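**Student:** First, the structure itself, so that you have it in front of you.
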Amino acid sequence: MKKRIFAGLLAVAMTVAMSMTAFADEAIIEGDPVETKIGLITMDQMDVHWVRLKEAAEAKVAAYNEAGSKLDMVWMAPETKDNAQQIQKIEAAIADGCKYIIIACNDATSCNNALQEAIDEGIKIIYVDAPASLEGSATYATDNYAGGVQAGEYLKKVLDDAGVTEGTIGIVDAQAGVDSCENRYQGFASVFEGTDFVLGERQYSDGDNAKAQELANTLIANGVVAIYGTNDGATNGSAAAVADAARDGDTIYCVGWDKSDSNIAHVEGGELLAFMAQNPNVMGEDAIDAVVRAERGEDLGGEVVDTGVSTVDASNVADFK
Amino acid sequence: MSEYAVTMEHITKTFPGVKALDDVQLHLRSGEVMALLGENGAGKSTLMKILSGVYTRDSGDITVFGKKIEGDLNTKQAQDLGIAIIHQELNMCQHLTVANNMFLGRELVKNGRLDTKEMNRQAVEQLAKLGIHDLDPDAKVGDLTVGRQQMVEIAKALLINAKILVMDEPSSALSNAEITEMFRIVRELRAMGTAIVYISHRLQELHHIVDAVTIMRDGKYITEGRFEDFTMEQIIANMVGREITNQFPRDKVEKGKEILEVRHLNAGRMVRDVSFEVYEGEVLGFSGLVGAGRTETMRAVFGADAKDSGEIVLDGKTLVIKSPEDAIRQGIVLAPEDRKREGLCTKLSIRNNIALPNLDIICKGGFLGTINRKVEDDMVEKGKNSLTIKMAGPEIEAGSLSGGNQQKVVVAKWLARQSRVIIFDEPTRGIDVAAKVEIYEIINELKKEGVGVVIVSSEMPEVMGISDRILVMCNGRVTGEVDPRNTTEEEIMTYATQFGDNAE
Amino acid sequence: MKKNSFVSKYASVLTAFGGVIILMIIFTIMNKNFISGSNLPKLIRSICPYLLVGIGQGIVCITGNIDLSIGSVLGMSAMISATLICNGVNVILAVIIDLIACLAVGCVNGVLVGKFKLPPFIGTLGTMTICRGLAEIVNGNYNTGDIGNGKLQTGFRDLFYYGKVGPVYFGVIVALIVWFCFNYMMNYTRTGRHIYAIGSNVDAARLSGVNVFKTTTVAYLVSAFCSFMAGLVTMAAAGMGSMQAGLSYEMYGVAAAVIGGISTLGGSGYLIGVIAGASVWAILQNGLTLANVPVAMRNIIIGLIVVACVLIDIMRRSGIKIGGKK
């Protein structure tokens, strides 16, 4: 009698546990259980991109732990995108006894010293989203340059179809000096080289959609034909400004980056033509897999995996909700 | 036999560590001006604050217009009873208009809006009752002279039908003309039946308006009576507890050589072609009306204000003075008129104040040198002893000292550096009679040591009593020179009103 | 005599408006689009958030205090209203709940500074940090989703940001109504008079029977209300709540107030000046972008112009003083 109740409870517990991880890719790599401590350092705490990455990683960790491993992951992210704070988090991770650091670097070189210290202590570095120039054990990131090209080509095609062959394209960027946005811009810009389009000077919104909106308003008033946003807040704000302009009868073509509820709504509303959706969840999961593989003795060899972008526009937005 | 407006009996008040009032009494009649006298710290302000409800008494009875006050008295109740205080430090909002200040806390409202028109009208009416007809109720209080601000405070008190008015040091910041005006108002109020308590250190002027007097000392009641029944010596003796034979000690010292010569000094409108000499062994006094340019002259000599032209020669050497720093370094120092704001850093300790202009002496190692505590301690100790500064310790805030002791701290700063000339602008303003004598004695000591002393004073008895020679200024120029032993107030006043040429 | 006193009384305000006109002329010369029909109305609309926080901060400054929590309350306001709406709460009810939350912060500030006599810098720094934290956790550390297109939502967005009547956006009218109400309060009611009094000389005010605690709290409540409104404007513009909304806005409030002639020392300044101050700020942002001034230079230029405005005002004030008394 007791045994049956116990078994029943166990079954209930397992179902509950499994349903809690229902949204993750539970396909763990089968093998020996491992035990280690991981520090996850994203660029900030607020951007939905990082939150997704973190949640996917946590789900993966839970899946492994359920199968017998003992993975302890701590999410250490600064309040805002700030190089000095990120370095502090790295030092905290070292002090806290982490054996693996999964990090999205604000900037290619600023964290190198701190990361080198970690490597000297035997800690392995796994890059997600944005690597540093220092060599790490593995990198799981979006190829931002390629994504930028993809975005540029999409916009160019729309402009061609609409018969627009020249004009200024406004750029609403996030923060100066962030490599991922830099690459997204460069990729985009390469598409328009040699055409009659001129790219306006990059305006920095610091990822704040309110600022982005005001900047976009001003660019529109200055007569741009299209706007490109390089991250969630920049795209979001620019799309809102485009919607505003539409009420006055102006048509502005807008493409951007990053999946968020707001951007989805903007695509549905028509003011945002398309956004590049990254796969932060894939980054998080792959990184945890990499930790487990390394713990089991595999040499990651500095592998670089493109976690991919999808172009999300009105035709396929429903799939992404 | 007019009845009493206020009686206070057996009033006691203790603050932590200090018995401020010990069995004090006061009897005030309507239609009478009573002088409440005593040294600083005697308890006069405390007693009046109890009457106006700011403090609560520990024990004792208060009766107002025959009605005994049961329990504690708060400010609102005191106001309702018709008691108003005009404080020494004027309590007006400088940014607000005259009418605003008069109606502060009791603004008139009509139809949901402030009735500015009516408030202005009543303000003008009230001021007119005091004989003031040219004060714009829309004027910002901060733009008025101190004298006029005081008129506004009096008018405000009347507006709330004050039947009992307490005036704390009302004349200390007023010009002589304004004081005369204020006395006129006090007499009118008295004629209207108001009971007035008048607190002042300027004993010489009391006889113009005072009927009765109450004297306190060290928190205790000493005596009371009709003013005319006391001689000035008796009053002082009661206040101080001992005889003061000479209110204005002036030591006789041989006049020595010339220390300072100021030639043809010009600085703006207020200092025009002023020349004078200061000798060893002599106190040089400057007399004149408010606006004569005495303070401006001294500030120009000291480098606090820029001068247009003129030479300053110290011990035969022409000095270049572009800032107080230059003046101090070369031996000329100033104890300014506004002691609390310009003479001391009231929030800093006594030690820091004394050390402040003397850091070059105290610090070794030039600009980046560190403070030598021992040298600093010695300096403070020396100042404290030679000037008998009464302080609990050198670390306490300078602002918490009495006026007399504050002035001594100011002097101590300058004595520490063997200055050649010390200029005193209103040396004993706001200081009680005993402390005044101490300051005069310090001045005499300086004279004896051969330090050049210049004093600027608006108190005629003071400047005539302490100086060895007096220069009178009017409208920016020196208009006369007199020997205090052989002159009269009238003669000085003649020079002080010689406005002479109107040409600019 | 009367004419002279009008000019001298409102001198700081007139200087600020003069600045507005000069800047507009300069920017129009640099780029004709500045006064175009597509830029000007939007420019005027962009003044609103600065005007709102300027009113709140200005009134607190007149009492001689400061409110550092303005930006965080703005963020909190945006996040609370957006989160509630996204979770199905009726728009009007969400706004009311939001208002209550923001006013509560105003009360806390009033108690800390007015009753416990905490230095305003410290007290409001505390509420600033707490409110920013609240803004972040209201939606579980996420920015909210889009508030949707229901009738009330669309009406909300139009009222505060997108709708216009002729060339004038509703948001501008709303901000002006808020300004008008508080301007009336400051100039024509007892409370306004008391606000000036405690900023000018708090001891004199207290001795004259002014309730200092109550007056201090009223000022902070006004400030919280203005931040609440500004949060609604931000949220309406974006159609969602952002946890970063309002960052640094307390400083923009100071800038708008000070450029408009309100002294941080208290007791002086007119609310009409805040209109000029907020305009200067918005014009600089917009004009410098349109004039294609390199991004790096913009902050430097804005800072220099703000310093210049305040310096001119100080010089003018001390100039008048010297001519005055003894």
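The values are calculated or read from the model by the stated rules, or taken from the named source; none is laboratory data. Please read all numbers here as calculations on a predicted model, not as lab measurements. Glycine gets a Cβ as well: all are built from the backbone with ideal geometry, and neighbour counts include every protein chain shown.
**Student:** Quick check: anything in segment B:132-146 surrounded by 19 or more Cβ atoms within 10 Å (Cβ to Cβ) and β-branched (Val, Ile, Thr)?
**Tutor:** Looking through segment B:132-146, at least one residue is surrounded by 19 or more Cβ atoms within 10 Å (Cβ to Cβ) and β-branched (Val, Ile, Thr).
**Student:** Take B:Asn91 and tell me if it is polar (S, T, N, Q), assigned by TED's automatic domain parsing to the domain that holds B:Glu188, buried (at least 19 other Cβ atoms within 10 Å of the Cβ) and in a helix (DSSP H, G or I). I'd like the intermediate steps shown before the answer.
**Tutor:** Numbers: polar (S, T, N, Q): yes; assigned by TED's automatic domain parsing to the domain that holds B:Glu188: yes; buried (at least 19 other Cβ atoms within 10 Å of the Cβ): yes; in a helix (DSSP H, G or I): no.
No: the conditions fail for B:Asn91.
**Student:** Looking at B:Arg190, B:Arg148, B:Arg184 in this structure, which one is of a type in the set (Lys, Arg), over 23 Å from B:Leu28 (Cα atoms) and more than 15 Å from the chain's Cα centre (by Cα)?
**Tutor:** Values: B:Arg190 fails: over 23 Å from B:Leu28 (Cα atoms); B:Arg184 fails: over 23 Å from B:Leu28 (Cα atoms).
Only one candidate passes the filter, namely B:Arg148.
**Student:** Also, I was wondering about something else. Go through B:Ala155, B:Ala99, B:Ala173, B:Ala123 for me and flag whichever is within 13 Å of chain C (Cβ to nearest Cβ), surrounded by 21 or more Cβ atoms within 10 Å (Cβ to Cβ) and part of a helix (DSSP H, G or I).
**Tutor:** Matching residue, one of B:Ala155, B:Ala99, B:Ala173, B:Ala123: B:Ala99.
**Student:** Let me ask something else. Considering segment B:257-273 alone, what residues qualify as being outside any strand (DSSP E or B) and either touching a residue at least 24 places away in the same chain (Cβ under 8 Å) or hydroxyl-bearing (Ser, Thr, Tyr) (or both)?
**Tutor:** Selection gives B:Gly268, B:Arg269, B:Met270.
**Student:** So, one more: With segment B:299-347 as the region, which strands (runs of 3 or more DSSP E) entirely inside it contain at least 3 residues that are touching a residue at least 24 places away in the same chain (Cβ under 8 Å) and under 25 Å from B:Ser457 (Cβ atoms)? Let's see the steps before the verdict.
**Tutor:** Details: elements: B:309-314, B:317-319, B:332-335.
In segment B:299-347, the matching strands (runs of 3 or more DSSP E) lie at B:309-314, B:332-335.
**Student:** For the list (1) in contact with a Gly (Cβ under 9 Å, 6 or more places away or on another chain); (2) surrounded by fewer than 21 Cβ atoms within 10 Å (Cβ to Cβ), I need the number of the one condition that B:Ala128 fails.
**Tutor:** Every listed condition holds for B:Ala128 apart from (1).
**Student:** Tally up the residues in segment A:178-236 that are within 14 Å of chain C (Cβ to nearest Cβ), farther than 21 Å from A:Asn263 by Cα and among the polar types (S, T, N, Q), please.
**Tutor:** Looking only at that region, the number is 1.
**Student:** Something else now. If only one of B:Phe276, B:Phe286 is over 25 Å from B:Asn405 (Cα atoms), in a strand (DSSP E or B) and at pLDDT 90 or above, which one is it? Let's see the steps before the verdict.
**Tutor:** Working: B:Phe286 fails: over 25 Å from B:Asn405 (Cα atoms).
The conditions single out B:Phe276.
**Student:** What about B:Lys408, is it in contact with a Pro (Cβ under 9 Å, 6 or more places away or on another chain) and under 27 Å from B:Leu348 (Cβ atoms)?
**Tutor:** Values: in contact with a Pro (Cβ under 9 Å, 6 or more places away or on another chain): no; under 27 Å from B:Leu348 (Cβ atoms): yes.
Answer is no for this residue.
**Student:** C:Phe228 is checked against (1) within 14 Å of chain B (Cβ to nearest Cβ); (2) of a type outside the set (A, V, I, L, M); (3) closer than 23 Å to C:Gly106 by Cβ and fails just one. What number does that condition carry?
**Tutor:** C:Phe228 satisfies all of (1) within 14 Å of chain B (Cβ to nearest Cβ); (2) of a type outside the set (A, V, I, L, M); (3) closer than 23 Å to C:Gly106 by Cβ except (1).
**Student:** Could you tell me which numbered condition B:Ile69 fails, if it satisfies all but one of (1) more than 7 Å from chain C (Cβ to nearest Cβ); (2) within 17 Å of C:Tyr196 (Cα to Cα); (3) of a type in the set (A, V, I, L, M, F, W, C); (4) free of Cβ contacts under 8 Å to residues at least 12 places away in the same chain?
**Tutor:** (2)
**Student:** With respect to B:Ala177, is the statement that it is of a type in the set (A, V, I, L, M) and modelled with pLDDT under 90 true? First the steps, then the outcome.
**Tutor:** Details: of a type in the set (A, V, I, L, M): yes; modelled with pLDDT under 90: yes.
Here the answer is yes, as B:Ala177 does meet what is asked.
**Student:** Report, by residue number, each residue of segment C:274-312 that is among the β-branched types (Val, Ile, Thr), farther than 28 Å from A:Gly223 by Cα and exposed (fewer than 12 other Cβ atoms within 10 Å of the Cβ).
**Tutor:** Matches in segment C:274-312: C:Val307 only.
**Student:** Within segment A:222-255, which residues are buried (at least 24 other Cβ atoms within 10 Å of the Cβ) and in a helix (DSSP H, G or I)?
**Tutor:** A:Asp232, A:Gly233, A:Ala234, A:Thr235, A:Asn236, A:Gly237, A:Ser238, A:Ala239, A:Ala240, A:Ala241, A:Val242, listed by residue number.
**Student:** Test A:Val198 against the criterion of being of a type in the set (A, V, I, L, M, F, W, C), touching a residue at least 24 places away in the same chain (Cβ under 8 Å), within 23 Å of C:Met297 (Cβ to Cβ) and not in a helix (DSSP H, G or I), and give yes or no. Don't jump to the end; show me each part of the working.
**Tutor:** Values: of a type in the set (A, V, I, L, M, F, W, C): yes; touching a residue at least 24 places away in the same chain (Cβ under 8 Å): yes; within 23 Å of C:Met297 (Cβ to Cβ): yes; not in a helix (DSSP H, G or I): yes.
So A:Val198 fits the description; yes.
**Student:** While we're here: Listed residues B:Ala128, B:Ala162; which is in a loop (DSSP other than H, G, I, E, B), in the same structural domain as B:Leu51 (by TED's automatic domain parsing), at pLDDT below 90 and more than 23 Å from C:Val212 (Cα to Cα)? Walk me through it before giving the result.
**Tutor:** On the way: B:Ala128 fails: in a loop (DSSP other than H, G, I, E, B).
Answer to the selection: B:Ala162.
**Student:** Something else: Given the criteria assigned to a loop (DSSP other than H, G, I, E, B) and within 24 Å of the chain's Cα centre (by Cα), does B:Leu104 qualify? If you could, list the steps in order and put the result at the bottom.
**Tutor:** Details: assigned to a loop (DSSP other than H, G, I, E, B): yes; within 24 Å of the chain's Cα centre (by Cα): no.
No; evaluated as a whole, the condition is false for this residue.
**Student:** Could you pull out every one of the helices (runs of 4 or more DSSP H) wholly within segment C:28-122 that has 1 or more residues that are among the hydroxyl-bearing types (Ser, Thr, Tyr) and touching an Asp or Glu at 6+ places or on another chain (Cβ under 9 Å)? Break it down into steps so the answer makes sense when it comes.
**Tutor:** Working: elements: C:40-62, C:70-86, C:91-110.
Helices (runs of 4 or more DSSP H) meeting the threshold: C:40-62, C:70-86.
**Student:** Which count do you get for residues in segment A:153-181 that are assigned to a helix (DSSP H, G or I), without any contact (Cβ under 8 Å) to a residue 60 or more places away in the chain and of a type outside the set (Lys, Arg)? Before the answer, list the steps.
**Tutor:** Going through segment A:153-181, the residues assigned to a helix (DSSP H, G or I) turn out to be A:153-162, A:179-181.
So of that shortlist, the ones also without any contact (Cβ under 8 Å) to a residue 60 or more places away in the chain come out as A:153, A:156-157, A:160-161, A:180-181.
Checking which are of a type outside the set (Lys, Arg) leaves us with A:153, A:160-161, A:180-181.
So the count comes out to 5.
**Student:** Need pairs with beta-carbon distance below 6 Å; first residue part of a strand (DSSP E or B) and within segment A:303-321, second exposed (fewer than 15 other Cβ atoms within 10 Å of the Cβ); sequence gap 6+ or separate chains.
**Tutor:** A:Val312/A:Phe320
Every residue, every condition in (1) within 14 Å of chain B (Cβ to nearest Cβ); (2) under 26 Å from A:Lys211 (Cβ atoms); (3) at pLDDT below 95, yes or no:
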position: C:Ser200; (1), (2), (3): yes, no, yes
position: C:Thr216; (1), (2), (3): no, no, no
position: C:Ser248; (1), (2), (3): no, yes, yes
position: C:Val258; (1), (2), (3): no, yes, yes
position: C:Gly267; (1), (2), (3): yes, no, yes
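**Student:** If you don't mind, another one. Scan segment A:274-286 and give yes if some residue there is touching a residue at least 60 places away in the same chain (Cβ under 8 Å), within 14 Å of chain C (Cβ to nearest Cβ), under 17 Å from C:Tyr142 (Cβ atoms) and surrounded by 18 or more Cβ atoms within 10 Å (Cβ to Cβ), otherwise no.
**Tutor:** Looking for residues that are touching a residue at least 60 places away in the same chain (Cβ under 8 Å), within 14 Å of chain C (Cβ to nearest Cβ), under 17 Å from C:Tyr142 (Cβ atoms) and surrounded by 18 or more Cβ atoms within 10 Å (Cβ to Cβ), one finds at least one in segment A:274-286, hence yes.
**Student:** Still on this structure, please answer the following. Between B:Ala42, B:Ala35, which is touching a Phe, Trp or Tyr at 6+ places or on another chain (Cβ under 9 Å) and touching a residue at least 12 places away in the same chain (Cβ under 8 Å)? Spell out how you get there, then give the answer.
**Tutor:** Working: B:Ala42 fails: touching a Phe, Trp or Tyr at 6+ places or on another chain (Cβ under 9 Å).
Being touching a Phe, Trp or Tyr at 6+ places or on another chain (Cβ under 9 Å) and touching a residue at least 12 places away in the same chain (Cβ under 8 Å) holds for just one of B:Ala42, B:Ala35, which is B:Ala35.
**Student:** Among the numbered criteria (1) within 11 Å of chain C (Cβ to nearest Cβ); (2) of a type in the set (Asp, Glu); (3) in contact with a Ser or Thr (Cβ under 9 Å, 6 or more places away or on another chain), which one does A:Asp244 miss?
**Tutor:** Answer for A:Asp244: the failing condition is (3).
**Student:** I've got another one for you. Filter segment A:260-297 down to the residues that are of a type in the set (Asp, Glu) and either touching a His at 6+ places or on another chain (Cβ under 9 Å) or at pLDDT 90 or above (or both), then identify the one that is nearest to A:Asp244 (Cα to Cα).
**Tutor:** Ranking the qualifying residues of segment A:260-297, first place goes to A:Glu271.
**Student:** Taking the condition of being surrounded by fewer than 20 Cβ atoms within 10 Å (Cβ to Cβ), within 14 Å of chain A (Cβ to nearest Cβ), more than 30 Å from A:Val48 (Cα to Cα) and not aliphatic (A, V, I, L, M), how many residues in segment C:137-193 meet it?
**Tutor:** Result for segment C:137-193: 4.
**Student:** Let me ask another. Among the residues of segment C:279-308, what is the count of those that are within 14 Å of chain A (Cβ to nearest Cβ) and closer than 18 Å to C:Gly58 by Cα?
**Tutor:** Qualifying residue count for the region: 2.
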